[in-house]
1. Using +1 at the Cβ of each Lys and Arg and -1 at the Cβ of each Asp and Glu in the chain, identify which of 141, 421, 80 lies farthest towards the dipole's positive end.
2. Looking only at the chain, where both bridge partners belong to it, what percent of the DSSP beta bridges are antiparallel (to the nearest 5)?
3. Using the membrane-span-like helix rule (whole DSSP H runs, Cα extent along the own axis of at least 15 Å, mean Kyte-Doolittle hydropathy at least -0.5), which helices of the chain qualify?
4. Rank by packing, highest mean first: peptides 288-299, 185-196, with packing defined as the count of other Cβ atoms within 10 Å averaged across residues.
5. Where does each of 213, 250 land when they are ranked from fewest to most other beta-carbon atoms within 10 angstrom?
6. Which value in nm describes the separation of the simple spin-label points at residue 278 and residue 415, placed 7 Å from the Cα toward the beta carbon?
7. Counting only DSSP beta bridges with both residues in the range 3-264, what percent are antiparallel, rounded to the nearest 5?
8. Suppose each label sits 7 Å from its Cα in the direction of the beta carbon; what would the residue 458-residue 486 distance come out to in nanometres?
Amino acid sequence: MTGWQLCAYAYFRLWAFVDFSLPTGSCVLVTDVSVVVPAHNRPKELVRTLLSLTRQTLPTTDFEVIVVDDGSREDARALVRESADALSSLDIRVVRNEKAAGASGARNQGARLATADLLVFLDVDCLAHPDMLAVHLATQGARRVAASGYTHGRELTPETWELRIGGDWNWESAEEVFAKAATVDLLHDPLTELLAEPRPSDWAFFWTCNVSVPRDAFEAVGGFDESFDVKGVEDVELGLRLSLAGLPTVFLPDSRALHQPHPRDRHTELLRDRRNDLVLLRRHPTLEVEAVCAFDIVNARAALPALTSFRDRLAPEAVDTAHLSALPGASEALAGAESTLLIGAADAWPTSLPAPTLTVGPTADEVEGRSYRLLGTRLPFEDGQVDVAVLTDYWRVLPEATACRVIAEALRCARRVLVLSDAATAPPAVPDPELAAALEGAGTPFWTHTIALRREFHQFRFTALDRPAGGPDAAGASRAFEVEPAAWPLAHLSDITH
């Protein structure tokens with residue numbers, strides 16, 4: 001083909017596979033960057049975001065923009081047509097799903113349409129700083145990574161923006177917005193300092209407000225997991241898979257975006273994300289992922305060295321079941337169960353009892369589908385999955401608040417829960433000091449203002465199942481208890497002033 005014929009063929013193919021495209025002044029057969037923008041019911045924000053892309057220092061001939069309208073009430077194709085003059089410098093394509101495919105599905109759809117070797121995912125409500133794409137491209141040219149730019153004002157609504165920041169903002173001009181934002185301390189992204197020193201768990205900060213990844217790496221790991229049926233955590237899960245494939249998450253303080261404030265239901269978002277945390281843990285049941293899901297992303301980053309050290313030095317004999325056979329009530333309950341979950345160490349499990357169906361604990365061997373080397377604060381199991389869960393003296397080595405979280409998770413996953421005391425070969429006398437110190441500051445996730453956690457033994461009822469043969473005052477004799485949650489309604493201070 002001649003050059004003219006090749007351009008004409010490419011242009012025909014473009015129109016054959018997408019719903020709408022704006023013509024560009026030249027034919028670009030291979031671009032450097034494909035920008036994927038999933039859109040759902042954010043018409044004003046979409047147009048502003050696209051306008052910000054027209055102001056990039058990277059020439060518009062070096063990137064394409066793919067908008068995936070994921071079942072929006074207002075057709076994004078019409079919006080782009082209405083703004084055709086202002087957006088004429090962009091090589092832009094718009095596809096529309098009449099029925100929403102979800103965030104993961106929309107992003108994957110955009111990636112399949114991409115022609116460039118580098119994918120940039122930009123949220124519909126995020127204005128792009130003029131240098132955003134240039135920084136992503138330069139970074140990926142030097143080293144193949146999962147790159148996460150910084151996004152300012154991520155959680156502000158119009159009301160909280162007006163309260164905390166105020167002023168008149170010209171959202172149609174990215175240059176004006178970013179120049180003004182640079183003078184507002186509240187819009188400084190605190191991740192700038194937090195993430196200055198890389199950590200292995202930085203995949204948990206792969207947030208698709210503003211990220212880039214080589215297209216072949218994205219395809220090799222399978223793209224976004226579309227089994228997340230609601231938005232939230234699906235981007236973190238992709239960051240983890242990219243990390244496992246050898247692409248660490250790195251942070252680009254000079255590749256900035258700014259989240260346009262819009263109404264949002266923060267309460268629902270927090271609940272949704274915690275639900276999707278469990279989806280993430282079921283996909284990747286490791287201590288690192290459990291820490292992210294149990295303690296939150298920032299706390300996990302701080303606590304992981306101590307958690308890993310605790311896991312590696314805990315002695316199995318401190319949390320085994322050496323004296324379980326001396327507890328007839330507990331043994332009978334376990335013998336009659338069709339499925340059991342052991343939280344602790346399976347070492348010295350009585351040969352007279354069926355082997356545990358599932359085992360969880362820091363000393364456990366990792367056997368897919370059967371044994372998990374986890375702390376136990378979040379468990380990768382379904383509600384009521386097993387008949388009986390038994391917690392060994394492992395609870396003794398944990399700070400009380402952490403032990404309570406393990407008990408609460410056992411109660412979620414089992415129809416009956418037993419707790420053993422002084423039944424291990426060498427039960428610990430006190431919680432592990434290093435672990436307790438680490439979780440003193442990092443053990444409480446930021447979302448507890450919305451989702452309550454049991455933190456004291458008072459919040460459970462412990463009914464003696466097996467008492468020591470020497471009587472209730474016999475020191476050191478093995479005991480077993482059945483545990484149930486105690487009624488513990490939460491109240492606001494404003495409700496108890498009278």
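1. It is 80.
2. Looking only at bridges with both residues in the chain, the antiparallel portion is about 40 percent.
3. Span-like helices, by this rule, are 3-17, 43-53, 132-142, 234-244, 297-313, 400-413.
4. Result, highest mean Cβ count within 10 Å first: 288-299, 185-196.
5. Taking fewest neighbouring Cβ atoms as first place, the list is 250, 213.
6. Taking the two extended label points, one gets 1.8 nm.
7. The antiparallel proportion sits near 30 percent.
8. Roughly 0.7 nm, to one decimal.
All of the numbers you see were taken from the coordinates with simple rules; none came from a lab. In this text, all values refer to a predicted model and were calculated from it rather than measured experimentally. Cβ sites come from the backbone with ideal geometry, for glycine too, and all protein chains shown count toward neighbours.
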